[in-house]
Structures are given as C-alpha cells and as structure tokens.
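The values are calculated or read from the model by the stated rules, or taken from the named source; none is laboratory data. Just so we're clear, the structure is a prediction, and the values are computed from it rather than from any experiment. Counting neighbours? That spans all protein chains shown, and the Cβs are built from the backbone with ideal geometry, glycine included.
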Amino acid sequence: MDYQKIIDDLHLKYKSKTIKGEVASYIPELKKIDSNKFGINLYTLSDENFGAGDYQEKISIQSISKVFALTLALKHVGESIWKRMGVEPSGDPFNSLVQLEFEKGIPRNPFINSGALVICDILISKLKNPKIELLKFVRKLVNTKDIFFNEKIVASEKEYGYTNAAHVNLMKSFGNIENDIDVVLDFYYHLCSIEMTCEELSKSFLIFANDGILPHSKERIISLSISKRINATMQLCGLYDEAGHFAFKVGLPGKSGVGGGIVAVHPDLYCISVWSPKLNKKGNSAIGFKVLESFTTITESSIF
C-alpha cells in the first residue's frame, strides 16, 4: 500500500475544498490559530512514517490528552476508577452540566470534561507531582523530551474556564472530587495545553495499536486489558456526541480535541493523525473527519 501517495492525494484534495467550520473561539489563544493550517501523519507499527502538510507543526492537542490521563489513571489505580464514572457515550455536548446534575455528579465517561476532571483528581491523589509525571509519561511514548505545556493556553483557559469550574464544583458537592478545586482545575488546564505535532501524536498512540507495548523499545507500558479498554472507550466516546457517526463513517477508535486534531488507531497496523483547526458543530475537525473517512475507505482498513 502506497501510504505516502494516498496521504499526499488526500492533502491536495481537501486543502482545495471549502468545508464549513469555525476555529474554537471560547479559548482566546486557540482563536489566533491560522484556520488554513492542515496536516496529516501516519505512523505504522513497522516504524514507517508518512506525512503531508503541516504535520510537523506543534498544535494544542486539547482533549486528545485525556487519553494519556486515562491511561495513567488505569495504570495506577486500575478498575476502581469506574466507580466514579461510566463508559457510556454522553449523547450530550462534552460540557453539559444538565446531564451531570441529573446523574448526581457521576460523569458518563472519562473523555467529556467532567470525566477528565475526575481523572485529574485521581492522579493528583496518586502522583507526587502530577504535571511533571504526566509530561514524563507522554515524552516516553514519543521518545522525545520536546513536549511541553503551553502556558499561554493554560492562562487563557483559566481566565475563561467558567463552565469547567462549574463542573468541578458540582461534582465536589456530590462527593466525587476529593482534592482542592483550584488544584484540580490547574492540572486539568495543563493537561489540555500539551502541544504535539501530528507526527508525535501518531507515534504516542502506537501503544494502543500494539496491545500496550511501545514499538520502539518493546517495553510494555500498560496491560493488554487496559489497552483494549482504552480503545473501546475511544470508539464509544472519543469524538464527543459524534462518536457514533465517526464509528459509522471511519470505523476506527479515535480521539479529537477542539484544537482541531483527531488521532485514530488501527490495532496491529497504524495510527493516523489529522490537524485542521476549523471545527464542525459537534466540536470536531471538519476536514479531519472527512480525511479519515476517505482514508479508511481508500485503504479498506476499518476495524469492522
């Protein structure tokens, strides 16, 4: 399969298309991103790497980082995290307070904002220095030290994070947050501010394509069971309340972020990342979604 040609062709095709979408504006720093940026990267388990466009430019991965947080939490506390959240698709926007109140402070899944805040609370309780250990973990997955938080994004999210503050306060009232609210929010904003390239994203997700084993070092990072659970959760909940449509059209476990990135995993084969900042009405990259649908159609590589 000539992956490079396929990716080049898709980049050329969608770069010239007019697809409606808006850059995330509720985080002012994200609003500054050039909406015409567009990159694609594919990393295979056989260490082949194919890219087109802006795939080596650092991007704010936003909610994609929630997969790293979930992985760390499962690694440290195991199945007990499911006592504090579910694994069901939300069916509502990722920042819905109505659903959270109705379900008495128990988030539907770890990838909506409330679920990720609970994961942050768990990691604060279990790790001596959560921010440092989180970065160390992500850097290990990519085999590079060149991954950092963007402090301007952190400041921007803190200044306008009223809804996230409402989530964590509501869950605290139901007894589902154990640590200081400001500490939880600070860690959450740092989690979402991680910057990576599409190439680094694809490489970092290879453990989920490889049953929890790092391809470049052959080190087992998580168990086979945890790897399966994370892939299943991405398949069900990874694209907010558009996860079903993504499964139907793309057919791969994936995770998106409002920075415009989407990463998808084909177990035993590859990981593919796309970045285009214009979002559709569900908060997912409009072009990214189309590119991934086209890619799995052309390569006939859906998991179904």
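Before we move on, is LYS66 among the basic types (Lys, Arg), surrounded by fewer than 21 Cβ atoms within 10 Å (Cβ to Cβ) and either within 18 Å of THR233 (Cβ to Cβ) or modelled with pLDDT of 95 or more (or both)? If you could, list the steps in order and put the result at the bottom.
Working: among the basic types (Lys, Arg): yes; surrounded by fewer than 21 Cβ atoms within 10 Å (Cβ to Cβ): no; either within 18 Å of THR233 (Cβ to Cβ) or modelled with pLDDT of 95 or more (or both): yes.
So LYS66 does not fit the description; no.
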Residue check, GLU178 farther than 20 Å from ILE64 by Cβ and surrounded by fewer than 20 Cβ atoms within 10 Å (Cβ to Cβ): yes
Residue pairs meeting the criteria (Cβ under 6 Å; at least 6 apart or on separate chains; first without any contact (Cβ under 8 Å) to a residue 60 or more places away in the chain, in the range 188-213; second in a helix (DSSP H, G or I) and of a type in the set (Ser, Thr, Tyr)): ASP211/SER227; GLY212/SER227
Hey, ASN95 within 16 Å of the chain's Cα centre (by Cα) and part of a strand (DSSP E or B) or not: no
Of the criteria (1) under 17 Å from the mean Cα position of the chain (by Cα); (2) at negative phi; (3) modelled with pLDDT of 95 or more, which one GLY260 fails: (2)
Residue pairs meeting the criteria (Cβ under 9 Å; at least 6 apart or on separate chains; first without any contact (Cβ under 8 Å) to a residue 60 or more places away in the chain, in the range 57-78; second not in a helix (DSSP H, G or I)): ALA73/PRO110; HIS76/LEU127
The range 117-145, subset within 22 Å of GLU29 (Cβ to Cβ) and touching a strand residue (DSSP E or B) at 6+ places or on another chain (Cβ under 9 Å), residue surrounded by the fewest Cβ atoms within 10 Å (Cβ to Cβ): LYS131
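Please go through the range 23-81 and give me each residue that is among the polar types (S, T, N, Q) and assigned to a loop (DSSP other than H, G, I, E, B), ordered by number. Spell out how you get there, then give the answer.
Taking the range 23-81 first, the residues among the polar types (S, T, N, Q) are 25, 35-36, 41, 44, 46, 49, 56, 60, 62-63, 65, 71, 80.
Within the range 23-81, SER25, SER35, ASN36, SER46, GLN56 qualify.
Yes or no, residue by residue, for (1) assigned to a helix (DSSP H, G or I); (2) more than 18 Å from LYS172 (Cβ to Cβ):
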site	(1), (2)
ILE106	no, no
LEU117	yes, no
SER125	yes, no
LYS131	yes, yes
LEU141	yes, yes
GLU159	yes, yes
Residue selected from the range 212-232 under the condition outside any loop (DSSP other than H, G, I, E, B) and of a type in the set (Ser, Thr, Tyr), by the criterion surrounded by the fewest Cβ atoms within 10 Å (Cβ to Cβ): SER225
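Quick check on PHE208: is it surrounded by 19 or more Cβ atoms within 10 Å (Cβ to Cβ), modelled with pLDDT of 95 or more and within 17 Å of the chain's Cα centre (by Cα)? Spell out how you get there, then give the answer.
Working: surrounded by 19 or more Cβ atoms within 10 Å (Cβ to Cβ): yes; modelled with pLDDT of 95 or more: yes; within 17 Å of the chain's Cα centre (by Cα): yes.
Considered against the rule, which asks whether it is surrounded by 19 or more Cβ atoms within 10 Å (Cβ to Cβ), modelled with pLDDT of 95 or more and within 17 Å of the chain's Cα centre (by Cα), PHE208 comes out as yes.
Looking only at the range 250-266, decide whether some residue is in contact with an Asp or Glu (Cβ under 6 Å, 6 or more places away or on another chain), touching a residue at least 12 places away in the same chain (Cβ under 8 Å) and buried (at least 24 other Cβ atoms within 10 Å of the Cβ). Before you say what the answer is, go through the steps one by one.
First, the residues of the range 250-266 that are in contact with an Asp or Glu (Cβ under 6 Å, 6 or more places away or on another chain): 250.
From what is left, the residues that are touching a residue at least 12 places away in the same chain (Cβ under 8 Å) are 250.
Going one step further and asking which of them are buried (at least 24 other Cβ atoms within 10 Å of the Cβ), we end up with 250.
Within the range 250-266 (the criterion being in contact with an Asp or Glu (Cβ under 6 Å, 6 or more places away or on another chain), touching a residue at least 12 places away in the same chain (Cβ under 8 Å) and buried (at least 24 other Cβ atoms within 10 Å of the Cβ)), the answer is yes, since at least one residue qualifies.
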Spans of helices (runs of 4 or more DSSP H) in the range 162-205 with at least 2 residues under 17 Å from ILE27 (Cβ atoms) and at pLDDT 95 or above: 162-173, 181-192
Tally of residues being under 14 Å from SER204 (Cα atoms), in contact with a Phe, Trp or Tyr (Cβ under 9 Å, 6 or more places away or on another chain) and of a type in the set (S, T, N, Q) across the range 50-85: 1
